[in-house]
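Trainee: Pasting a structure below so you can have a look.
The values are calculated or read from the model by the stated rules, or taken from the named source; none is laboratory data. Just so it is clear, the model here is predicted, and its values are computed rather than measured. Quick note on the areas: whole protein, heavy atoms, side chains included, nothing else; ligands and nucleic acids left out. Shrake-Rupley method; radii C 1.70, N 1.55, O 1.52, S 1.80 Å.
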Amino acid sequence: MGPASTGLLRPTILIPQSLLSELSECQLAAIVDHEIHHIRRLDSAYLLLGRVACCLHWFNPLAYWLAAQVRTEIEYAVDAATVGQGDEQAKKSYGDLLIQLACRRSRSFGLAPMADRRSNLKQRIEELLVPVRNTTLGSICCLATILLLFITGLSEVASTQDKTVPS
């Protein structure tokens, strides 16, 4: 398992023991900073909302696509916050760290790791080199659509229950 943050009420940063010996203090500080940004932004709640929408709309590919878009936008925003206004060397070091983490042969079990193999790693690194763009609007649009799917799913359950008449 790679570095990840988990928990809504008592957030925790998880870093595998093997990484503690493999990475430098600077790299570990970048990992902790990245995960702290996730915790401060309440990203676990947004990811949970996306999963609930996927459960309610298990038949709808749009729900899965939107949940993936929210996750991608979250990672772009947290990467940008982690490198901040750092120089090119800081951005390069952070990009190298993401690559190093993605190359590890590990699997995450339900968590959103910092550099998952299936993530858009190339795009994340390219985003580091481009001036910071506003990911808030994209995140809000994706979340609004997921909320709409969520509400629609709940109203569909309610309307189905209303039509059922006990014998």
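Trainee: Would the range 1-50 count as rounded, prolate or oblate if I go by the C-alpha gyration tensor, calling it rounded below 1.5 in a/c and otherwise prolate when a/b exceeds b/c, oblate otherwise?
Mentor: prolate
Trainee: Go through Trp65, Trp58 and list them by solvent-accessible area, largest first, probe radius 1.4 Å. Walk me through the numbers on the way to the answer.
Mentor: Working: Trp65 140, Trp58 175 Å².
Putting Trp65, Trp58 in descending order of accessible area: Trp58, Trp65.
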